[in-house]
Structures are given as C-alpha cells and as structure tokens.
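The values are calculated or read from the model by the stated rules, or taken from the named source; none is laboratory data. Quick caveat, the model's predicted, so the values are computed rather than measured. Glycine gets a Cβ as well: all are built from the backbone with ideal geometry, and neighbour counts include every protein chain shown.
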Amino acid sequence: MREYWQERFADTPDVLIGERRKPTLVAVLDFVVGGDEFVTMAGPCSVETERQLLATAHAIRRAGARILRGGAFKPRSSPYAFQGLGLEGLRLLARAREETGLAVVTEVMSERDVALVAEYADILQIGSRSMENYTLLEAAALSGRPILLKRGMVATISDLLRSAQTILDNGNPNVILCERGIRTFETATRNTFDSAGIALLKQITHLPVIADPSHAAGHRELVPALARIAVAAGADGLLIEVHPDPERAWSDGEQSLNFAEFEETMADLEPWIRLRTQILGRNENSPCRVLEAVG
Ligand code: PEP
Ligand code: MN
C-alpha cells in the first residue's frame with residue numbers, strides 16, 4: 001500500500017525513502033553527514049577578518065564542530081549592508097581549514113561564482129533566498145560538490161523537495177537539507193522554526209537534514225532550546241552562528257553565540273544526542289543500522 005506522502009510528494013520521487021533507498025551518506029573530508037555521527041557546522045554569519053575567522057575556527061573545533069561556516073558572498077536584506085569579502089573571504093576559509101582540519105561550507109549566490117566557490121569550499125550552501133533559483137541549483141549540482149540546501153523562507157516542504165530533486169536530476173546525489181525557519185504571522189522570533197518539518201523530512205526522505213536554530217530564532221538566548229528541539233526531532237546535525245564578539249559582528253550578531261555560549265550549548269546537547277543515537281539505533285531504516293550492516 002502506498003503511504004500518503006508517496007502520493008503527496010509524487011513529483012519528487014528520487015528524494016523520497018523507497019524500498020530500495022538507503023539513507024544518503026554525504027562524505028566530506030574524513031567524515032560523513034547523515035550517518036551515525038551528529039555533525040555540527042558553526043562559524044560567523046560573514047567572514048570578516050583573518051583574526052575573527054581563525055579564532056572562531058579553533059574555538060568551534062574545540063567545542064566539537066566538524067564544519068566551519070562563514071559567508072564570503074552575502075545575501076542581505078538591504079543593498080547597502082555589507083555584501084561579503086568575496087574571494088578574500090574564500091581564501092581565509094581555506095586557510096582556516098588548513099589550520100584546523102575543519103571542512104568548509106559557504107554560500108554561493110550566483111551561477112557565475114560556482115566554479116570559484118567550489119574551488120575553495122567542501123560544501124556549497126544555497127541560501128534561503130536562492131532556493132528556487134533553478135539555474136543556480138543546476139550549476140551548483142554540476143560542480144560535483146555536496147550541496148547544503150536551505151529552505152526558502154516561504155517555501156513549503158514540497159517546494160524544498162522540488163529543489164532537492166533538481167539537484168539530483170543534475171547528477172549530484174549529495175544534498176543536505178536545512179530547516180532554518182519560515183515566515184509566518186509570528187514576529188517575536190525572526191522566523192518560525194518548523195520542527196515538525198524536520199521530523200517529517202526525516203520520515204519521508206533519505207537525505208540528511210540539518211537544522212539552523214540561529215536564523216530561526218533571531219535571538220541568541222533561544223538558540224540552545226531550538227538546538228535541543230532539532231536533536232529531538234531527529235536532525236542529523238546543526239548549523240549555528242558563532243562570533244568572537246557578537247555585539248560587534250558585521251551581520252547577524254544578535255543571533256550569534258560567543259565562544260563560551262557555543263561550548264556550553266554543545267556540552268549541554270551531549271545527552272540529547274546520545275539519546276537520539278540510541279533511538280535511531282532501534283529503527284531499522286536508521287543510518288546507524290545501515291552503517292552497521294554495511295560494515
Ligand atoms: C546564512 O546562513 O548566513 C544565511 C544568510 O542564511 P539564510 O539563507 O537561511 O537566510
Ligand atoms: Mn546569517
């Protein structure tokens with residue numbers, strides 16, 4: 001019997017869990033996203049200076065993150081806001097990878113920049129504002145790099161899956177979905193964190209799902225709670241904004257954690273992550289089981 005969601009999302013068959021589909025494991029440097037390890041991506045909203053980035057890279061690594069994030073090309077709400085360091089930002093990210101062994105994820109905003117960003121980044125981020133830019137999705141897919149696909153702020157789950165399907169259709173199976181909050185009538189939070197969306201995506205797709213509590217919350221005080229919710233909902237990892245001095249950040253400072261706050265958040269998540277792994281281990285389709293079976 002076909003499940004309701006197979007009908008509901010019938011136009012994106014390749015992203016759905018099917019009988020023969022094992023969870024997609026996205027290999028990055030020497031680890032895997034979507035497997036039994038819970039993977040955290042962290043770093044500043046924007047790459048600002050060498051000092052800022054390197055200090056952050058070392059701090060997040062000490063706290064257990066695996067992937068350094070940081071925008072070199074920034075989509076901003078105002079055309080007069082800081083637009084990112086561009087190539088200089090990419091070079092700094094590569095330098096931080098060399099020093100720390102962290103992988104690098106950074107946003108690509110234009111088709112024109114795909115080759116350049118792919119040369120420096122381990123994972124290409126497609127931002128919320130670009131989720132439905134199909135020419136960008138195609139170009140990014142063709143680069144061969146894994147793609148972190150952020151949900152558009154007014155995109156339904158079905159819209160998100162269509163964009164993921166487009167990447168798969170272009171020969172790139174390494175898609176990581178990212179829930180970062182959606183726009184609703186609520187304005188007390190920057191966006192409304194769709195934790196049900198995370199649980200649903202984990203049930204119906206074979207792709208890894210990452211949660212971004214920072215852009216959902218918009219306020220740093222809320223980030224640890226949303227991170228716990230994401231773990232409980234079954235996310236494969238987190239994306240968290242971290243800055244050495246959030247008050248002085250060039251973008252998204254109010255939602256960024258400082259080093260101590262990030263370290264504490266990560267430490268407090270440990271029991272939740274252990275519980276999640278235990279529960280997943282009991283589920284036949286879980287990455288943990290599949291990994292055991294594979295070897
Ligand atoms: C970001 O990750 O800094 C960012 C701009 O995110 P989003 O595309 O989700 O707004
Ligand atoms: Mn940001």
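What pairs come up if the first residue lies in region 188-203 and is surrounded by fewer than 21 Cβ atoms within 10 Å (Cβ to Cβ), the second is part of a loop (DSSP other than H, G, I, E, B) and hydroxyl-bearing (S, T, Y), and their beta carbons are under 7 Å apart, counting only those six or more places apart or on different chains? Matching pairs, first to second residue: T192/T184.
Looking only at residues in region 1-11 that are within 10 Å of I204 (Cβ to Cβ) and in a loop (DSSP other than H, G, I, E, B), the one that is farthest from the chain's Cα centre (by Cα) is E3.
Residues that are within 16 Å of ligand 2 (Cβ to nearest atom), within 20 Å of A118 (Cβ to Cβ) and out of contact with any Gly (no Cβ under 6 Å at 6 or more places or on another chain) within region 54-82 comprise just one, I67. Residue selection: T40 fails the criterion of being at pLDDT 95 or above, in a loop (DSSP other than H, G, I, E, B) and either among the polar types (S, T, N, Q) or within 13 Å of L207 (Cβ to Cβ) (or both). Counting only residues that are within 15 Å of ligand 2 (Cβ to nearest atom) and not in a helix (DSSP H, G or I), region 243-278 holds 7 of them. E179 satisfies every condition listed in (1) touching a helix residue (DSSP H, G or I) at 6+ places or on another chain (Cβ under 6 Å); (2) at positive phi; (3) of a type outside the set (A, V, I, L, M) except (2).
With respect to the conditions (1) within 15 Å of ligand 2 (Cβ to nearest atom); (2) closer than 20 Å to I147 by Cα; (3) part of a helix (DSSP H, G or I), I240 falls short on a single one, namely (3).
For L53, state whether it is assigned to a loop (DSSP other than H, G, I, E, B), more than 30 Å from L280 (Cβ to Cβ), within 16 Å of ligand 1 (Cβ to nearest atom) and modelled with pLDDT of 95 or more. First the steps, then the outcome.
On the way: assigned to a loop (DSSP other than H, G, I, E, B): no; more than 30 Å from L280 (Cβ to Cβ): yes; within 16 Å of ligand 1 (Cβ to nearest atom): yes; modelled with pLDDT of 95 or more: yes.
It is false that L53 is assigned to a loop (DSSP other than H, G, I, E, B), more than 30 Å from L280 (Cβ to Cβ), within 16 Å of ligand 1 (Cβ to nearest atom) and modelled with pLDDT of 95 or more.
Would you confirm whether any residue within region 90-103 is surrounded by fewer than 17 Cβ atoms within 10 Å (Cβ to Cβ) and either of a type in the set (A, V, I, L, M, F, W, C) or in a loop (DSSP other than H, G, I, E, B) (or both)? Checked against the condition, which is being surrounded by fewer than 17 Cβ atoms within 10 Å (Cβ to Cβ) and either of a type in the set (A, V, I, L, M, F, W, C) or in a loop (DSSP other than H, G, I, E, B) (or both), region 90-103 yields at least one hit. When R145, R151, R129 are checked against the criterion of being under 15 Å from the mean Cα position of the chain (by Cα), touching a residue at least 24 places away in the same chain (Cβ under 8 Å) and more than 15 Å from ligand 1 (Cβ to nearest atom), R145 stands alone in meeting it.
Would you call P224 away from ligand 2 (no atom under 16 Å from the Cβ), in contact with a strand residue (DSSP E or B) (Cβ under 8 Å, 6 or more places away or on another chain) and not basic (K, R)?
On the way: away from ligand 2 (no atom under 16 Å from the Cβ): yes; in contact with a strand residue (DSSP E or B) (Cβ under 8 Å, 6 or more places away or on another chain): no; not basic (K, R): yes.
Against the criterion (away from ligand 2 (no atom under 16 Å from the Cβ), in contact with a strand residue (DSSP E or B) (Cβ under 8 Å, 6 or more places away or on another chain) and not basic (K, R)), P224 does not qualify.
When V26 is tested against (1) more than 15 Å from the chain's Cα centre (by Cα); (2) of a type in the set (A, V, I, L, M); (3) within 30 Å of R76 (Cα to Cα), just one condition goes unmet, and that condition is (1).
Annotation: R91 fulfils all but one of (1) away from ligand 1 (no atom under 14 Å from the Cβ); (2) among the basic types (K, R); (3) touching a residue at least 40 places away in the same chain (Cβ under 8 Å); the unmet one is (3). Scanning region 66-88 for residues that are part of a loop (DSSP other than H, G, I, E, B), more than 15 Å from ligand 1 (Cβ to nearest atom) and modelled with pLDDT of 95 or more yields R66, G86.
Under the condition of being touching a helix residue (DSSP H, G or I) at 6+ places or on another chain (Cβ under 7 Å) and buried (at least 22 other Cβ atoms within 10 Å of the Cβ), the residues counted in region 50-80 number 7.
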